[in-house]
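Throughout, read-outs are computed from the coordinates displayed, never taken from laboratory work. All values derive from a computational prediction rather than experimental measurement. We place every Cβ from the backbone using ideal geometry, glycine too, and count neighbours over all the protein chains shown.
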Amino acid sequence: MPQKYVIIGGNAAGMSTATRLRRLDETAEIMILEQGEHVSYASCGLPYHLSDTVPEENLAVMGVEQLSGAFDLDIRTGVTATGIDPDAHTVSITDANGKSMTIAYDDLVVATGAEPLVPPMFDLDELEHCHTLRTVSDATDIREEVADAERALVIGGGYIGLEVAENLHEAGHDVIVAELLDQVMPNTLGPEMAAMVESHLREQGIDLRLATGVDDLTEPGDGTVVATMDDTDHTFDLVVVATGVTPRTELAESAGVELHDSGAIAVDERMRTSVESIHAVGDAAAPPAVRADGNAWVPLGGPANRMGRVAANDIAGHDDQLDPVLDTAIAKVFDLDVGTVGDTAATLDERGQAFEAIYTSQPITPSTIPARPRSNSNSSLIPTTGRSLVPRPSARTVSTSELTCWRRPSPTTTPSSTFGITTWRTRRRTRPPRIRSTCWG
Ligand SMILES: Cc1cc2nc3c(=O)[nH]c(=O)nc-3n(C[C@H](O)[C@H](O)[C@H](O)COP(=O)(O)OP(=O)(O)OC[C@H]3O[C@@H](n4cnc5c(N)ncnc54)[C@H](O)[C@@H]3O)c2cc1C
C-alpha cells in the first residue's frame with residue numbers, strides 16, 4: 001500500500017516538504033491542502049510588487065499545474081483544513097463550495113505558517129484602504145490602489161514595514177512610517193545600528209516617526225483614511241499595517257499538539273511534534289535554536305525550507321536533523337544592506353546576560369579606487385560571562401553611503417584605529433529586561 005501524506009499549507013515549508021517527499025518516495029500519495037488560491041509564492045517579493053519591481057507573474061515560483069505535473073502532487077487550493085483527529089489519523093476539510101469531508105493520513109505535516117498581527121483597535125475588515133501584506137492577493141490588492149494614492153502611512157518599522165515604505169516611495173508616494181518604539185527594526189538591530197538605518201531612511205525622503213503610536217484608523221467615505229497619531233488626525237490615501245506576525249497554530253493546538261512559549265508549535269530537531277505522526281514546519285513551528293534556551297521561533301523563509309526538507313527526510317525514514325537555528329536575517333533598506341546573526345543587545349538583556357559590544361567601521365572601497373565611498377559598520381556582542389554559543393553574534397550594516405553617516409555609538413566609548421578600521425569597545429552591564437515589540441525585525 002502506498003503511504004498517504006497530507007500537508008496543510010502550500011507555501012515555502014509545505015511545498016518543500018512535498019517536493020522532498022516525492023524525491024524520496026515515488027509511490028506515495030501526497031496531498032497538499034491550501035486555503036488560498038496560490039501555492040509556493042515568493043513572499044519576499046511581495047513588497048517589491050507594490051512598485052512593480054516584481055511583476056505579478058513573477059510572484060508565484062511555480063503554479064499549481066506546473067508543480068502537480070512535475071512532482072505528481074495532489075494540490076487542493078481553496079481548501080481549508082478545519083480539524084485534526086490524531087487518533088483516527090484524519091483531517092476535516094471544507095472546500096471552496098463549502099463542502100466538508102474527511103481525509104485519512106499516515107503522516108500529517110502542519111505548515112500553516114503565520115498571519116499578520118493586527119492591533120485590536122484596527123478593524124481592517126471595515127477599512128477599504130487599510131491593508132496587511134502576507135499573500136499574493138494582499139500584494140495585488142494594494143498594488144491596485146497604488147496608482148490613485150499619493151500619501152501613504154506604514155504602521156510598523158520592522159523589516160516588512162520598511163520594505164513596504166521603500167516600495168511605496170519608489171511608486172511615487174509621500175510615505176510616513178510610524179513606529180511605536182524608539183527605533184526601527186527593534187527585533188533585529190541594536191539602537192546604534194538602527195540609528196544608521198533611520199538616518200538613511202530620512203535621507204531618502206521617508207518621514208519616519210519613532211515612538212509614535214497610531215491610536216485610530218477611520219474612513220470618512222471620501223476615499224481617504226484618517227489616522228490619529230500624537231492626538232492629531234492625519235489624512236492618507238493608503239495605509240499598510242505591518243505590526244508583526246503571529247504563528248497560525250489553532251488547528252494543531254486543538255489536536256493536542258504542544259506549543260512553545262512563542263505560541264508556535266514546539267518541534268524537535270526532526271520536526272516531530274508532541275503528537276505521533278504529526279510533524280510541523282515553517283513559520284508555524286519553533287525548532288531547537290542556538291540562541292535561546294531551547295527552541296526559538298524564527299519566522300523566515302530559510303528555516304522554513306530547511307525544516308520542510310528535514311521533516312520529509314524523517315517521514316521517509318532517512319536520518320536527518322535540523323542544525324539549531326542561528327536567527328540570521330538580511331534586509332535591503334534603500335541603499336543599505338542590513339543583516340544580523342545571533343543575539344541582539346535586547347535578547348541578551350532579556351536573558352540577563354552581561355556582554356561586551358565592539359563597534360567597527362571600515363571602508364570597503366580601497367582608497368586607490370576613485371569610486372563612491374563605501375563603508376561597512378559592524379557591531380559584535382560578546383558575552384562576558386558564561387559561554388557564547390554563537391562565536392561572533394553580530395548586527396552588521398553594509399553601507400553604500402558615506403562613512404560619515406555612521407555615528408559613534410556612545411560617549412563613554414573610546415575609539416582606536418588600525419589599518420583604517422575604527423573600533424569602539426564598550427562593556428555593558430545587564431539592565432532590567434524590556435518588553436520586546438511585536439513588530440517584526
Ligand atoms: C511581505 C513579506 C516579506 C518577507 N520577506 C522575507 C525575506 O526577505 N526573507 C525571508 O527569509 N523571509 C521573508 N518573509 C517570511 C517568509 O515569507 C516566511 O518565513 C515563509 O513564507 C514561511 O513559510 P510557511 O510555509 O511556513 O508559511 P506561510 O508562507 O505563511 O504559508 C502557510 C500557508 O498555509 C496556508 N494555511 C494556513 N492555514 C491553513 C488551513 N487551515 N488550511 C489550509 N491552508 C492553510 C496559508 O494560506 C499559507 O499559504 C517575508 C514574509 C512576508 C509576509
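Which whole number of Å³ per residue matches the convex hull of the alpha-carbon atoms in the stretch 118-241?
Dividing the Cα hull volume of the stretch 118-241 by its residues yields 101 Å³.
Would you mind ranking 307, 196, 121, 62 so that the residue whose beta carbon has the fewest other beta carbons within 10 Å leads the list? The partial results should precede the final answer.
Numbers: 307 29, 196 23, 121 11, 62 16.
Listed from fewest to most nearby Cβ atoms, that is 121, 62, 196, 307.
The H on the amide N of residue 83, modeled in the peptide plane, is under 5 Å from the matching H of 92, each at least 5 residues off or on a different chain. Restricted to Cα atoms, the stretch 104-149 shows a radius of gyration and a Dmax of 15.5, 51 angstrom. Under 5 Å between amide hydrogens, built in the peptide plane, is the criterion, and for residue 355 it picks out 384, 428 among residues at least 5 positions away or on other chains. When each of 232, 344, 135, 102 is scored by the number of other beta-carbon atoms lying within 10 Å, the sequence from fewest to most is 232, 102, 135, 344. Residues 361, 43, 274, ranked from the fewest to the most other C-beta atoms within 10 Å, line up as 274, 43, 361. Based on DSSP, what percent of beta bridges with both residues in the stretch 118-241 are antiparallel, to the nearest 5? Around 40 percent antiparallel, to the nearest 5. Separation of the stretch 229-248 and the stretch 111-181 by C-alpha centroid, Å? Result: 7 Å between the Cα centres. With N counted as the residues of the stretch 1-52, its alpha-carbon radius of gyration over 2.2 N^0.38 Å works out to 1.40. Between the alpha-carbon centres of the stretch 18-68 and the stretch 271-313 there is a gap of 20 Å. Here, the stretch 39-91 has an Rg and a Dmax of 15.7, 49 Å when only alpha carbons are counted.
Here the scattering of the stretch 252-327 is modelled by Debye summation over its C-alpha atoms, one equal scatterer each and no solvent; at q = 0.16, 0.25 Å⁻¹ the log10 of I(q)/I(0) is -0.48, -1.16.
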